[in-house]
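Trainee: This structure is in structure tokens; I'll ask about it shortly.
The values are calculated or read from the model by the stated rules, or taken from the named source; none is laboratory data. Owing to the predicted nature of the structure, the values given are computational and were not obtained by experimental measurement. Here the Cβ positions follow ideal geometry from the backbone for every residue, glycine too, while neighbour counts run over all protein chains shown. The area values use the complete protein model at the heavy-atom level, side chains included, leaving out ligands, DNA and RNA. Shrake-Rupley method; radii C 1.70, N 1.55, O 1.52, S 1.80 Å.
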Amino acid sequence: MAFGRGAKMDGRRPSSSSSSFCTTTTVVVFVALCLVGAWMMTSSTVFPLEISSNKKPLVKQQPAPVNFGASEDAASGNAGEGSGKFEDTDNNDTTVPEEPSNNETPEEEKSTENIVEKPEEKEPEPPKEKEETKNMFDDANGKSEGRSDDVKNGDDGDKSEEKKDDEITNESGDEKPDGERKDDQEEKSEGDATQEEQPQIEEKVEENGEKEQSSNSNEVFPDGAQSELLKESNTQNGSFPTQAVESKNEKEVQASSKSSGDETSYRWKLCNSSASTDYIPCLDNEKAIKKLRSTKHYEHRERHCPEEPPTCLVPLPEGYKRPIEWPKSRDKVWYSNVPHTKLAEYKGHQNWVKVSGDYLLFPGGGTQFKNGALHYIDTIQQALPDIAWGKRSRVILDVGCGVASFGGYMFDRDVLTMSFAPKDEHEAQVQFALERGIPAISAVMGTKRLPYPSRVFDVIHCARCRVPWHIEGGMLLLELNRLLRPGGYFVWSATPVYQKLPEDIEIWNAMSTLTKSMCWKMVNKTKDKLNQVGMAIYQKPMDNNCYEKRSENNPPLCKESDAADAAWNVPLEACMHKLPVGPTVRGAKWPESWPQRLDKTPFWIDGSQVGVYGKPANEDFEADNAHWKRVVSKSYLNGMGIDWSKVRNVMDMRAVYGGFAAALKDQKVWVMNIVPIDSPDTLPIIYERGLFGMYHDWCESFSTYPRTYDLLHADHLFSKLKKRCKLSAVFAEVDRVLRPQGKLIVRDSADTINELESMAKSLKWEVRMTYTKGNEGLLCVEKSMWRP
């Protein structure tokens, strides 16, 4: 066709076929090249699909990249509006440089490329879902693997966030003048060399919904409507990471961006103690125990804390398993978790504990109730109906508890029992109790007051507890008098009550004299025919009338300056504290019946006092109660992914009014409420509500065995401890107390949350949730099985 048409245009016949053919060919080639050049220069868009180079872009190990389609809206000006949004997170605050553009491509390269022509369009068309080329973006840090084009702003950008897969439209798919075109291939080759040097970009979502790039952000802030934020996982890639992506990668981002919390700054090692898997630092301080001048008063069973709190980790017993859930755990536990058999050999005939294959079985018996604790408990109720288990009597103290079967079966009567016994007096008895899901601590009646406030226990129980109440002026029984609520009962079930051996008679006579001089009234003395044991029940007076009428001041009344509630490392004294006087003084009357007492403001708290949070005390109490009900119901029970059926033993490491524990009333858990020694003394309020707890200094180890709590809760505790304690030692104690797969929930300042999260990561714990807003933060982590 070309040759024929060329002949017609010429209008002449060639004189020579050879020369005509050459001339015609030359002209055609020249014209063709001109046409191609003109077409190349006037074409609106050229998209290279294949490249001659074999070089591949560097791709980090991230979720599968998602390609984003181009949008026609970007050409209408939105792209220009977003041109200043991406900023480098480096300290120099320089903007991300534009990738070099290749507006002129050598013809040799053009000849090797496959080119697709996109004709000019006079009228806009709807956006295409798939274009011939699309940019890919890295997920975690916001760096583009293809082009560092700006994210499109405006209405379409808002709509895209409503989609399951976030779509980000940029300039790469829009029509642009020749001078604005960039060569994707050159960017890829340069990106290979510089990608590792690009800083990470994090996304902060403020309450108003706007997104900002922040180089210093270590947390992701949820929308203002969200009170808590769960850790989420999302495989979506994007140059502008979503909340879910940020949550998934937050641990790595925080570790790299906060040098003070770098995992490498923590070095953990196993504890080197003869107690091995049962190590309790303040009860196994062999160096201090060896220096004791006497052990006559069980000084060797009291607390002797190391001068430097340990930062080591207690090893796990071989074959350790997740504890059996309550209530099955009351009857059996894994032998591998508490591998001790001496108690079964020594007390097996009394139905304390027996070994059966992989399990330790607990028939529910005890020295005084071989045929079961429930029968024994009901015998007490029958002997004294006024004791009214679960109504009038809610919080009791069990002295010398053994494996705590008495307290374990008291749950069936809606009674909360604080059980204690010395460590190793009967091998691992308290550890057995806690493994069963029964509250207990390791303590002894020795030379110091027990860590409880005065006048708080409704009933105190001793069943063959092996405590010499009558000696040394009745000092130990006088300590029980300090703890017992005015009008409360002391139930004593021991051989002197029902046996006639000379020693028993001597002890009985001494106890009769002592209790009478203390103004305790014996309200009943009975015998359990089934178990062939007897018990005596005494009642403490409600006022000081009896004290004032005594012929002898023996035991003496304590000095007016003696603070009855002082209980942390305070030596025992053989004296009695006067009872409170006045209708508005704590202890002047009995609390409300359970469960009404749980939510009722104690009668002795009123608006004339200032509460912990600065409001009038009664309003403070009510606000705290409402706050924790809201937080627990809306967040802890439903928003953290915690399986509460696997939670039994709970500790509130900084209880104030006991609101957290009260909010868990309907769960099958018990809560040990701790009031730190440097916090306002609100522990009496907690007991008044029908809850229990104790004083403690968190710069020291807690008096419990390792692996005994399923969940620890700390509300603004660690930031206060940092001022006087080594935080790594406190966290090592948390690791010691918490069971593997147990949860730690912390509410504290943002910087403290960051520090604790770094410690948790260094121990290979799983960060279940982290959330900070302003200077406040929330953290939920799960302990791992990892040991160094």
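Trainee: Would you check which residues across region 753-788 are without any contact (Cβ under 8 Å) to a residue 40 or more places away in the chain, over 13 Å from the mean Cα position of the chain (by Cα) and within 24 Å of ARG267 (Cβ to Cβ) and list them?
Mentor: Result: LYS764, TRP786.
Trainee: Could you say which residue among PRO310, PRO281, PRO306 is under 22 Å from the mean Cα position of the chain (by Cα), at pLDDT 95 or above and either hydrophobic (A, V, I, L, M, F, W, C) or closer than 22 Å to TRP698 by Cβ (or both)?
Mentor: Details: PRO281 fails: under 22 Å from the mean Cα position of the chain (by Cα); PRO306 fails: under 22 Å from the mean Cα position of the chain (by Cα).
The unique qualifying residue is PRO310.
Trainee: Restrict the check to region 335-351 and report whether at least one residue is of a type in the set (A, V, I, L, M) and open to solvent by 30 Å² or more (accessible area, probe 1.4 Å). It would help to see each step written out before you state the result.
Mentor: Quick first cut of region 335-351, residues of a type in the set (A, V, I, L, M) only: 338, 343-344.
From what's left, open to solvent by 30 Å² or more (accessible area, probe 1.4 Å): none.
No, region 335-351 contains no residue that is of a type in the set (A, V, I, L, M) and open to solvent by 30 Å² or more (accessible area, probe 1.4 Å).
Trainee: On to the next question. Using the structure shown, decide if PRO317 is within 24 Å of THR277 (Cα to Cα) and not hydrophobic (A, V, I, L, M, F, W, C). It would help to see each step written out before you state the result.
Mentor: Numbers: within 24 Å of THR277 (Cα to Cα): yes; not hydrophobic (A, V, I, L, M, F, W, C): yes.
Spelling it out, PRO317 is indeed within 24 Å of THR277 (Cα to Cα) and not hydrophobic (A, V, I, L, M, F, W, C).
A quick yes/no check of all residues on (1) open to solvent by less than 10 Å² (accessible area, probe 1.4 Å); (2) under 23 Å from MET522 (Cβ atoms):
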site	(1), (2)
ILE387	yes, yes
GLY402	yes, no
PHE406	yes, yes
SER419	yes, no
LYS423	no, no
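Trainee: Just checking, how many residues over region 353-382 are open to solvent by 20 Å² or more (accessible area, probe 1.4 Å) and hydrophobic (A, V, I, L, M, F, W, C)?
Mentor: Matching residues across region 353-382 total 3.
Trainee: Taking the conditions exactly as written (of a type in the set (S, T, N, Q), outside any loop (DSSP other than H, G, I, E, B), in contact (Cβ under 8 Å) with a residue 60 or more places away in the chain and in the same structural domain as ILE396 (by the TED database)), does THR526 satisfy them or not? Show your work before the answer.
Mentor: Details: of a type in the set (S, T, N, Q): yes; outside any loop (DSSP other than H, G, I, E, B): yes; in contact (Cβ under 8 Å) with a residue 60 or more places away in the chain: yes; in the same structural domain as ILE396 (by the TED database): yes.
It is true that THR526 is of a type in the set (S, T, N, Q), outside any loop (DSSP other than H, G, I, E, B), in contact (Cβ under 8 Å) with a residue 60 or more places away in the chain and in the same structural domain as ILE396 (by the TED database).
Trainee: Turning to a different aspect of this structure: Are any residues in region 385-404 closer than 26 Å to TYR279 by Cβ and touching a Pro at 6+ places or on another chain (Cβ under 9 Å), and if so, which ones?
Mentor: The answer is GLY400, ALA404.
Trainee: Now for a different question. Every residue in region 372-414 that is in contact with a strand residue (DSSP E or B) (Cβ under 6 Å, 6 or more places away or on another chain), under 22 Å from VAL333 (Cβ atoms) and not in a helix (DSSP H, G or I), please.
Mentor: Once the filter is applied, which keeps residues that are in contact with a strand residue (DSSP E or B) (Cβ under 6 Å, 6 or more places away or on another chain), under 22 Å from VAL333 (Cβ atoms) and not in a helix (DSSP H, G or I), region 372-414 yields ASP398, GLY400, CYS401, ALA404.
Trainee: For region 613-643, what are the residues that are farther than 26 Å from ARG394 by Cα and either touching a helix residue (DSSP H, G or I) at 6+ places or on another chain (Cβ under 6 Å) or part of a loop (DSSP other than H, G, I, E, B) (or both)?
Mentor: TYR613, GLY614, LYS615, ASN638, GLY639, MET640, GLY641, ILE642, ASP643, listed by residue number.
Trainee: Shifting gears a bit: From (1) surrounded by 24 or more Cβ atoms within 10 Å (Cβ to Cβ); (2) over 17 Å from HIS340 (Cα atoms), pick out the condition that doesn't hold for GLN431.
Mentor: In the conditions (1) surrounded by 24 or more Cβ atoms within 10 Å (Cβ to Cβ); (2) over 17 Å from HIS340 (Cα atoms), GLN431 misses (2) alone.
Trainee: Looking at region 271-288, I want the residues that are within 11 Å of ARG736 (Cβ to Cβ) and have a partner that is of a type in the set (Lys, Arg) and crowded, with 19+ Cβ neighbours inside 10 Å with Cβ atoms under 7 Å, at least 6 apart or on another chain. Which pairs are those?
Mentor: Taking only residues 6 or more apart or on different chains, the pairs are ILE280/LYS423.
Trainee: Among the residues of region 273-303, what is the count of those that are in a loop (DSSP other than H, G, I, E, B) and either open to solvent by 40 Å² or more (accessible area, probe 1.4 Å) or on the phi > 0 side of the Ramachandran plot (or both)?
Mentor: So in region 273-303, the residues in a loop (DSSP other than H, G, I, E, B) come out as 273-275, 279-285, 291-298, 302-303.
Right, trim to either open to solvent by 40 Å² or more (accessible area, probe 1.4 Å) or on the phi > 0 side of the Ramachandran plot (or both) and you get 274, 291-298, 303.
Of the residues in region 273-303, 10 are in a loop (DSSP other than H, G, I, E, B) and either open to solvent by 40 Å² or more (accessible area, probe 1.4 Å) or on the phi > 0 side of the Ramachandran plot (or both).
Trainee: Which of the residues spanning region 591-605 are open to solvent by 50 Å² or more (accessible area, probe 1.4 Å) and in a loop (DSSP other than H, G, I, E, B)?
Mentor: Residues of region 591-605 that are open to solvent by 50 Å² or more (accessible area, probe 1.4 Å), as a first pass: 592-593, 595-596, 599-600, 603.
If the condition is that a residue be open to solvent by 50 Å² or more (accessible area, probe 1.4 Å) and in a loop (DSSP other than H, G, I, E, B), then GLU592, SER593, PRO595, LYS600, PHE603 are the ones that fit.
Trainee: When you scan region 539-561, do you find a residue that is modelled with pLDDT under 95, open to solvent by 50 Å² or more (accessible area, probe 1.4 Å) and assigned by the TED database to the domain that holds ASP378, even just one?
Mentor: no
Trainee: Which is more than 21 Å from TYR452 (Cα to Cα) and outside the structural domain of HIS470 (by the TED database), of VAL585, VAL631?
Mentor: Details: VAL585 fails: more than 21 Å from TYR452 (Cα to Cα).
Selected residue: VAL631, the only one of VAL585, VAL631 that is more than 21 Å from TYR452 (Cα to Cα) and outside the structural domain of HIS470 (by the TED database).
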